[in-house]
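The values are calculated or read from the model by the stated rules, or taken from the named source; none is laboratory data. Nothing here was measured: the structure is a model prediction, and the numbers come from that model. Note that we place each Cβ from the backbone using ideal geometry, even for glycine, and neighbour counts take in every protein chain shown.
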Amino acid sequence: MTLLAKGRPTVCTVDLAALRWNFQQVRERIGPGVKVLAVVKANAYGHGALGVAKALADAGSESFGVATLEEGIELRAGGIEAPILVLAGVYLEQLGELVECRLTPAICEAETLKQLEREARRRGVTLNFHLKVDTGMGRIGLRAEEVDSWLSELGRLQALRLEGLFSHFSRAESVEGSYTQEQLQAFQRVLQRLRSAGYDPPLIHLANSAAVIALPSAHFTMVRPGLMLYGAYPSPEMASQVTLRPVLTWKTRVLQLKKVPKGSSISYGQTFVTQRESLIATLPVGYADGYHRLLSNRGEVLIRRRRAPIVGRICMDLTMVDVTDVSGVTQGDEVVLLGAQGEATIAADEMAGWAETISYEIFTSIGPRVPRGHYHSEGGETTRG
Ligand SMILES: Cc1ncc(COP(=O)(O)O)c(C=O)c1O
């Protein structure tokens, strides 16, 4: 494929064929009647929301999940017609735009429900909403124990339709352990209570990626995968249960090559001093791009299909690597920061280990200065995302 950025060569390429493959892995794990809500919040985990959502719509995703109203508007403006659920709450002053853009709110507390009903009536529209239940995540949503107090509110609704009921697991990376089971049971109790009161929302969803892969009893009528679509495993053990393909490659090119004598200090603060005559490559990427500063003197990059260590502190815009042991390096050589180069790979999990974080944060920290380009590894157009 062609290089995407005409200027600085630090770019992310996003392989839509790999994305499609991963979506197919979701499909193969759920029943034929179960729908998919593809989680594309936070710029599709840094992969470029619109390009990803279009590709997933094409692959058959029935709906999408975003965190904010703004993210939903971006998808609508870009031509996504499928239902879009705003997962992370809405504010009362946003209700007008929510209705206008046909976005589905996740309702977490009673006051928003009442206001939304009023707004929908005023506009003469009917609006679907999903009720978010807190079964143990301790974040947003009505507490599962309080469902009875909501039944009277639900009974008063005329302009709003309870389309969905959902909750979220606290142990997002694994389904092992009793806490996940307790959450599942609490969710089932809420569902039963609603049904016995005469409410039967068609979209019941609880499963994130880990539960899609390993907890079929949590699939209900819809699943909500995020991470696995982007080719990362919720936990290493899951690699034996499903084969995912990494979607994103973050790469750059050598900006400058410099031979320095033994005893040379590299970067801020003299945290690395060469122990031999060394060949140091400077790369045009830094922490302002989301290249974590914790990778300083710890992380590695791929160059000429070999690993080279990061030396000295990562700067705002530049990073140095020691390429003394990699033969044939020249200025302008491709350097892969995340992803594969030939057989060599740096997975998001490995980088997350260096940066003392999780793969979700690695993906979502890649900054707006890094252009995303979507392409199809099995042929097809390249577009800027
Ligand atoms: C409410 C909700 N549902 C689904 C997901 C997707 O989870 P995962 O990326 O683990 O599949 C997230 C991600 O944070 C979430 O917050």
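Tell me which helices (runs of 4 or more DSSP H) are completely within segment 84-199 and hold 2 or more residues being over 30 Å from residue 50 (Cα atoms) and not assigned by TED's automatic domain parsing to the domain that holds residue 49, or say none if there are none.
none
State all residues of segment 59-75 that are without any contact (Cβ under 8 Å) to a residue 40 or more places away in the chain, in a helix (DSSP H, G or I) and out of contact with any strand residue (DSSP E or B) (no Cβ under 7 Å at 6 or more places or on another chain); if no residue qualifies, say none.
Passing the criteria: 70, 71, 73, 74.
Of the conditions (1) away from the ligand (no atom under 16 Å from the Cβ); (2) crowded, with 20+ Cβ neighbours inside 10 Å; (3) not basic (Lys, Arg), residue 63 clears all except one; give me its number.
(1)
Output the number of the condition that residue 45 fails; it satisfies all remaining conditions of (1) surrounded by fewer than 24 Cβ atoms within 10 Å (Cβ to Cβ); (2) within 16 Å of the ligand (Cβ to nearest atom).
Residue 45 satisfies all of (1) surrounded by fewer than 24 Cβ atoms within 10 Å (Cβ to Cβ); (2) within 16 Å of the ligand (Cβ to nearest atom) except (1).
Here are some conditions: (1) more than 16 Å from the ligand (Cβ to nearest atom); (2) surrounded by 19 or more Cβ atoms within 10 Å (Cβ to Cβ); (3) within 22 Å of residue 154 (Cβ to Cβ). Residue 51 meets all but one. Which one does it not meet?
(3)
How about segment 214-223: which of its residues are away from the ligand (no atom under 13 Å from the Cβ) and either closer than 22 Å to residue 49 by Cβ or part of a helix (DSSP H, G or I) (or both)?
The answer is 216, 217.
Filter segment 157-193 down to the residues that are under 20 Å from residue 39 (Cα atoms) and out of contact with any helix residue (DSSP H, G or I) (no Cβ under 9 Å at 6 or more places or on another chain), then identify the one that is surrounded by the fewest Cβ atoms within 10 Å (Cβ to Cβ).
It comes out as 163.
Give the residues of segment 80-96 that are at pLDDT below 95, within 16 Å of the ligand (Cβ to nearest atom) and surrounded by 20 or more Cβ atoms within 10 Å (Cβ to Cβ), sorted by residue number.
Matches in segment 80-96: 90 only.
Of all residues being part of a loop (DSSP other than H, G, I, E, B) and assigned by TED's automatic domain parsing to the domain that holds residue 211 in segment 9-57, which is farthest from residue 335 (Cα to Cα)? Just the residue, please.
Restricting to residues being part of a loop (DSSP other than H, G, I, E, B) and assigned by TED's automatic domain parsing to the domain that holds residue 211, the top hit is 33.
In segment 173-182, is there at least one residue being touching a residue at least 60 places away in the same chain (Cβ under 8 Å), within 16 Å of the ligand (Cβ to nearest atom) and within 19 Å of residue 220 (Cβ to Cβ)?
For segment 173-182, residues touching a residue at least 60 places away in the same chain (Cβ under 8 Å), within 16 Å of the ligand (Cβ to nearest atom) and within 19 Å of residue 220 (Cβ to Cβ): absent.
Which of the residues belonging to segment 82-97 are of a type in the set (D, E, K, R) and touching a residue at least 12 places away in the same chain (Cβ under 8 Å)?
97
For every residue, the table says whether it meets (1) touching a residue at least 40 places away in the same chain (Cβ under 8 Å); (2) away from the ligand (no atom under 16 Å from the Cβ).
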{"position": "211", "(1), (2)": "yes, no"}
{"position": "247", "(1), (2)": "yes, no"}
{"position": "253", "(1), (2)": "yes, yes"}
{"position": "275", "(1), (2)": "no, yes"}
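Could you list all residues from segment 97-145 that are out of contact with any Ser or Thr (no Cβ under 6 Å at 6 or more places or on another chain), more than 16 Å from the ligand (Cβ to nearest atom) and closer than 18 Å to residue 203 by Cβ?
98, 102, 113, 116, 126, 127
Please go through segment 224-239 and pick out each residue that is touching a helix residue (DSSP H, G or I) at 6+ places or on another chain (Cβ under 6 Å) and more than 9 Å from the ligand (Cβ to nearest atom).
Once the filter is applied, which keeps residues that are touching a helix residue (DSSP H, G or I) at 6+ places or on another chain (Cβ under 6 Å) and more than 9 Å from the ligand (Cβ to nearest atom), segment 224-239 yields 231, 233, 238.
Would you point out which residue out of 319, 324 is under 21 Å from residue 264 (Cα atoms), β-branched (Val, Ile, Thr), in contact (Cβ under 8 Å) with a residue 12 or more places away in the chain and in contact with a Lys or Arg (Cβ under 8 Å, 6 or more places away or on another chain)?
Residue meeting the stated conditions: 324.
Select from segment 90-102 the residues that are hydrophobic (A, V, I, L, M, F, W, C) and touching an Asp or Glu at 6+ places or on another chain (Cβ under 8 Å) and write down the one among them that is farthest from residue 139 (Cα to Cα).
99
Looking at (1) within 23 Å of residue 343 (Cβ to Cβ); (2) outside any loop (DSSP other than H, G, I, E, B), which is the one condition that is false for residue 244?
Residue 244 satisfies all of (1) within 23 Å of residue 343 (Cβ to Cβ); (2) outside any loop (DSSP other than H, G, I, E, B) except (2).
Of all the strands (runs of 3 or more DSSP E) wholly in segment 254-341, which have at least 2 residues that are surrounded by fewer than 14 Cβ atoms within 10 Å (Cβ to Cβ)?
256-260
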